[in-house]
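Participant: I am attaching a structure below and will ask some questions about it afterwards.
The values are calculated or read from the model by the stated rules, or taken from the named source; none is laboratory data. As the structure is a prediction and not an experimental result, all values here were calculated from the model. Quick reminder, even Gly has a Cβ in these numbers, built from the backbone with ideal geometry, and neighbours come from all protein chains shown.
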Amino acid sequence: MKQLLKLFQETVSLIKEYFWSKNVVAFSKEDFIEKLDYVDKAFELFTEIMKFRSILKPCVTKLYKFCSFTLLPSLKSEFIFIFYVSLLGMETFGENGLGHFLLFMKVQYCKEILRFLCSPEVLRELKSEWIHVYDESFVDTFLIKPLVKWKPVFIAFQKSLESEQSTPDHKKITEVQPFRLTQPRPRSILIPDIIPKMQKMRDPPLSTYNQPPEISLLLMEKNKNHEQTEKLKIQSDRLKPKCAEIIYGDAKTKNNQNEYNFKNDSSDNIENTRNNKSMMNPSVKLESQRISSNKRNYLSVLNKTAVVNTNAVSILREWKLYSDREKEQRQKLCELESGAFTNAAYNSWKQEEEMKIKLNQLKKMERNRLNVMISHEASSTAKFDLCCKRKIAANKLRNEKRAKLLEFLNEKKLQQDKMNKVAKEVASSHENAKIAKKKLMEEKKKSASEILKESKQLLDEAAIKAEEEKKIKKELISQIQAEELSAIMTKSRNVKQIDLTNTPGHGLLNEMSIIELRERLNQLKINKQRELEEKRDAIINDKEQKTKVLLELLTRIGKHRSVKTVAATRKMVNNGDE
């Protein structure tokens with residue numbers, strides 16, 4: 001199977017390159033040594049296909065006209081190979097070979113080729129074209145007789161392909177079943193009984209829902225502790241330890257005075273700090289004036305708030321940010337209340353562990369690099385050995401192929417001499433065929449002229465009959481139209497008067513008069529308008545509630561921002577004083 005597939009592919013590739021070229025160049029087997037694996041068989045097949053080029057080309061052109069769907073032009077070379085096998089290569093390949101070659105193509109194309117070969121009309125057309133090139137005796141003996149001989153095989157292949165494709169598409173037909181007009185089954189779940197009415201239970205006491213007093217006391221203590229921790233935190237943020245500051249000579253007095261001012265102003269506002277600074281030395285006063293001017297400029301910049309178009313989503317995001325910050329501050333304060341400790345020892349241990357991990361990683365990287373270098377060297381040596389072995393094997397194969405090619409070319413020369421002799425005999429037979437063609441053409445012209453005369457007479461008779469039938473039809477149509485007009489005129493005189501208040505009286509449900517129907521339609525319209533107004537009011541109320549919520553969030557965000565600005569100004573003042 002694999003050998004046949006390679007042979008099919010290689011011969012098709014040769015046909016694509018050389019078969020369709022107008023100027024056929026003389027080629028030898030040495031041109032295809034680099035391309036082909038199975039050189040001998042593929043070259044033999046290709047040379048035979050090129051011999052019978054004038055037979056195979058009309059087959060392909062007729063197939064493209066005969067096919068029910070459009071075929072791709074790139075498949076012409078494959079069709080030529082299969083036509084050669086079915087017309088001239090059945091004795092060499094047989095039924096199995098043709099079956100394998102058909103499997104290499106799609107099922108649709110195989111069906112069309114087999115249908116083309118089995119149709120008698122196609123055989124007649126092909127015979128008429130082949131006679132132009134070859135003698136009639138040669139066409140009958142070498143082309144048409146083998147087709148007739150192998151025709152049952154083609155029909156069997158066609159039936160097998162149709163059966164294979166039709167079996168998987170077969171679907172089950174739904175069988176019609178009659179209705180079961182029997183009594184229904186009893187219920188699987190029975191109808192529940194009526195629940196009996198019981199006396200009303202006594203209400204539980206109010207003490208069950210009230211909160212115990214111990215919880216409120218605990219909350220009060222917790223709030224007090226929280227306030228104390230906040231005050232201590234504010235003092236610790238303002239006051240710095242003495243060890244953190246570097247003091248030089250004359251600056252000791254200034255630092256001592258600043259510490260004194262911070263201790264006194266832990267609970268006062270920013271304005272009181274200005275009054276205390278007036279008690280300092282003149283050198284310190286100049287610095288305090290400079291700091292106060294910077295502070296005023298900073299506050300003026302903060303007061304100039306930029307106009308920003310806020311959105312509902314942006315407001316909610318900002319509120320979420322502030323709420324998360326509040327939670328973090330509360331957690332920190334709770335940890336301080338419970339006696340939290342510093343994590344300096346843990347950080348030092350963590351740094352040592354990270355350094356150890358980094359050193360281990362560097363060692364592993366160096367090991368991997370050395371292993372990769374060793375593997376590269378081993379692979380390069382192995383590749384060099386393989387290349388040497390392959391070169392030796394390739395030289396041996398080339399020598400063997402050259403010897404086989406020389407033998408094959410000698411055999412081909414002998415065959416070509418024989419074929420030249422046969423071609424000369426065929427050329428002499430062509431001249432006789434041309435004389436016979438001329439006689440046939442003259443006889444065909446005579447028969448065609450006689451047929452044209454008979455067809456004209458028949459057409460004239462048919463036209464006369466058609467005119468007579470048209471006249472009869474026109475008379476019948478005019479009679480029918482006159483009867484219809486008379487019937488319409490009689491009906492138009494008998495006009496009925498309609499009462500809009502009366503019901504039709506057919507005995508149906510929901511019967512009503514036309515006036516009642518109009519009133520009901522008006523009521524339906526009014527009801528629809530009411531529903532629309534109610535929906536509109538509901539939507540407006542929802543929007544108002546959303547705007548209220550957003551305004552509340554904006555006020556809270558404004559408070560948070562004001563607190564942040566105050567804290568920033570205090571930090572600026574503290575940094576300037578230092």
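Participant: Among the listed residues A345, A340, which satisfies the condition of being surrounded by 10 or more Cβ atoms within 10 Å (Cβ to Cβ) and either part of a helix (DSSP H, G or I) or at pLDDT below 85 (or both)? Before you say what the answer is, go through the steps one by one.
Facilitator: Numbers: A345 fails: surrounded by 10 or more Cβ atoms within 10 Å (Cβ to Cβ).
Only one candidate qualifies: A340.
Participant: Looking at segment 55-92, which of the residues that are surrounded by 18 or more Cβ atoms within 10 Å (Cβ to Cβ) and aromatic (F, W, Y) is farthest from the chain's Cα centre (by Cα)?
Facilitator: Within segment 55-92, the match that is farthest from the chain's Cα centre (by Cα) is Y84.
Participant: Ok, one more. Can you find a residue in segment 252-274 that is in a helix (DSSP H, G or I), at pLDDT 80 or above and more than 30 Å from Q329 (Cβ to Cβ)? Step through it out loud before you land on a result.
Facilitator: Narrowing segment 252-274 to residues in a helix (DSSP H, G or I): 252-264, 270-274.
With the extra rule that they be at pLDDT 80 or above, the set shrinks to none.
Taking every residue of segment 252-274 in turn, none turns out to be in a helix (DSSP H, G or I), at pLDDT 80 or above and more than 30 Å from Q329 (Cβ to Cβ).
Participant: Right, next: With the requirement that a residue be in contact (Cβ under 8 Å) with a residue 24 or more places away in the chain and over 43 Å from the mean Cα position of the chain (by Cα), what does segment 93-105 give you? Step through it out loud before you land on a result.
Facilitator: First pass over segment 93-105, keeping only residues in contact (Cβ under 8 Å) with a residue 24 or more places away in the chain: 95, 97-102, 104-105.
Scanning segment 93-105 gives a single hit, E95.
Participant: From the list K412, K363, K421, K404, which one is in a helix (DSSP H, G or I) and within 52 Å of the chain's Cα centre (by Cα)? First the steps, then the outcome.
Facilitator: Values: K412 fails: within 52 Å of the chain's Cα centre (by Cα); K421 fails: within 52 Å of the chain's Cα centre (by Cα); K404 fails: within 52 Å of the chain's Cα centre (by Cα).
Residue meeting the stated conditions: K363.
Participant: Which fully enclosed helices (runs of 4 or more DSSP H) of segment 99-185 have 3 or more residues being loosely packed, with under 10 Cβ neighbours inside 10 Å, outside the structural domain of F66 (by TED's automatic domain parsing) and among the hydroxyl-bearing types (S, T, Y)? Full working, then the answer.
Facilitator: Values: elements: 107-118, 120-133, 136-139, 145-149, 151-166.
Ranges flagged: none.
A quick yes/no check of all residues on (1) surrounded by 10 or more Cβ atoms within 10 Å (Cβ to Cβ); (2) touching a Lys or Arg at 6+ places or on another chain (Cβ under 7 Å); (3) at pLDDT below 85; (4) not in a helix (DSSP H, G or I):
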{"position": "A436", "(1), (2), (3), (4)": "yes, no, yes, no"}
{"position": "E467", "(1), (2), (3), (4)": "no, no, no, no"}
{"position": "K491", "(1), (2), (3), (4)": "no, no, yes, no"}
{"position": "N502", "(1), (2), (3), (4)": "yes, no, yes, yes"}
{"position": "I515", "(1), (2), (3), (4)": "yes, no, no, no"}
{"position": "R518", "(1), (2), (3), (4)": "yes, no, no, no"}
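Participant: Still on this structure: Taking segment 310-324, which residues are of a type outside the set (D, E) and touching a residue at least 40 places away in the same chain (Cβ under 8 Å)?
Facilitator: Step one: of segment 310-324, the residues of a type outside the set (D, E) are 310-317, 319-323.
If the condition is that a residue be of a type outside the set (D, E) and touching a residue at least 40 places away in the same chain (Cβ under 8 Å), then T310, A312, I315, L316, W319, Y322 are the ones that fit.
Participant: Further question on the same structure: Could you look through segment 211-240, keep only residues that are among the basic types (K, R) and modelled with pLDDT of 85 or more, and pick out the one that is nearest to K571 (Cα to Cα)? Even if it seems obvious, please write down each step before you answer.
Facilitator: Restricting attention to segment 211-240, the residues satisfying the condition of being among the basic types (K, R) are 222, 224, 231, 233, 238, 240.
Of the ones still in play, those that are also modelled with pLDDT of 85 or more are 222, 224, 231.
Values: K222: 29, K224: 27, K231: 17 Å.
The residue in question is K231.
Participant: Right, next: Within segment 520-535, does at least one residue satisfy the condition of being in contact (Cβ under 8 Å) with a residue 40 or more places away in the chain and in a helix (DSSP H, G or I)?
Facilitator: At the first step, the residues of segment 520-535 found to be in contact (Cβ under 8 Å) with a residue 40 or more places away in the chain are none.
The answer is no; no qualifying residue exists.
Conditions (1) surrounded by 10 or more Cβ atoms within 10 Å (Cβ to Cβ); (2) over 18 Å from E326 (Cβ atoms); (3) modelled with pLDDT under 90; (4) not hydroxyl-bearing (S, T, Y), marked per residue:
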position	(1), (2), (3), (4)
L550	yes, yes, yes, yes
L553	yes, no, yes, yes
R561	yes, no, yes, yes
T569	yes, yes, yes, no
V573	yes, yes, yes, yes
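Participant: Can I ask one more? Restricting attention to segment 85-101, does a residue exist that is at pLDDT 80 or above and among the aliphatic types (A, V, I, L, M)? Reasoning before the result, please.
Facilitator: Restricting attention to segment 85-101, the residues satisfying the condition of being at pLDDT 80 or above are none.
No, because not a single residue in segment 85-101 is at pLDDT 80 or above and among the aliphatic types (A, V, I, L, M).
Participant: Now for a separate question. If the Cβ limit is 6 Å and pairs must be 6+ apart or interchain, which residue in segment 106-121 that is within 19 Å of K149 (Cβ to Cβ) pairs with which residue that is aromatic (F, W, Y)?
Facilitator: L114/F154; L114/F157; F116/F66; L117/F154; C118/F154
Participant: Right, something else. So which residues in segment 187-239 are touching a helix residue (DSSP H, G or I) at 6+ places or on another chain (Cβ under 9 Å) and in a loop (DSSP other than H, G, I, E, B), if there are any at all?
Facilitator: Of everything in segment 187-239, just one residue is touching a helix residue (DSSP H, G or I) at 6+ places or on another chain (Cβ under 9 Å) and in a loop (DSSP other than H, G, I, E, B), namely L239.
Participant: Go through the residues of segment 529-539 one by one and say whether even a single one is at pLDDT 80 or above and within 30 Å of K320 (Cα to Cα).
Facilitator: To start, the set of residues in segment 529-539 that are at pLDDT 80 or above comprises 529-539.
Filter again for within 30 Å of K320 (Cα to Cα), leaving 538-539.
Among the residues of segment 529-539, at least one is at pLDDT 80 or above and within 30 Å of K320 (Cα to Cα), which makes the answer yes.
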